Amino acid sequence: MAKKRVKAILTIGVSLVPGVCRWCQCTETTPCANGCAWVERSYTLCSECVPLDKALRTRAGRRQLAEFIQEHVEGGAMPVTEAGR
């Protein structure tokens, strides 16, 4: 079985400011829609973003995330919007 190469279509910015989640940029005053809590002493990772943080630490996780984005965002199933908080 041949491996399918996934092209990069998204750049993710990472914040390391205490009190701001490094992935979704939520804060104490503007939490995630489902609610969240800080999971690190540095206050840079919320509970909703733990799966994303874990996935990005491995090659397989990054590949899986890229395939998901390509299928759902590029394919039109999920609208691409500007994340402004």
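The values are calculated or read from the model by the stated rules, or taken from the named source; none is laboratory data. All of these numbers come straight from a predicted model, not from anything done at the bench. Every residue, glycine as well, gets a Cβ built from its backbone with ideal geometry; the counts of neighbours run over all protein chains shown.
Taking segment 61-85, which residues are at pLDDT 80 or above and part of a loop (DSSP other than H, G, I, E, B)?
Result: no residue meets the conditions.
Scan segment 28-60 residue by residue and report those that are β-branched (V, I, T) and assigned to a helix (DSSP H, G or I).
Answer for segment 28-60, where residues must be β-branched (V, I, T) and assigned to a helix (DSSP H, G or I): just V50.
For a quick check of your reading of the model, give me the residue pairs whose first member lies in segment 35-57 and is closer than 19 Å to E67 by Cα, whose second is part of a helix (DSSP H, G or I) and aliphatic (A, V, I, L, M), with beta-carbon atoms closer than 9 Å and at least 6 apart or on different chains.
L52/L65; A55/L65; L56/L65
If you scan segment 58-69, which residues turn out to be surrounded by 15 or more Cβ atoms within 10 Å (Cβ to Cβ) and free of Cβ contacts under 8 Å to residues at least 60 places away in the same chain?
G61, R63, L65
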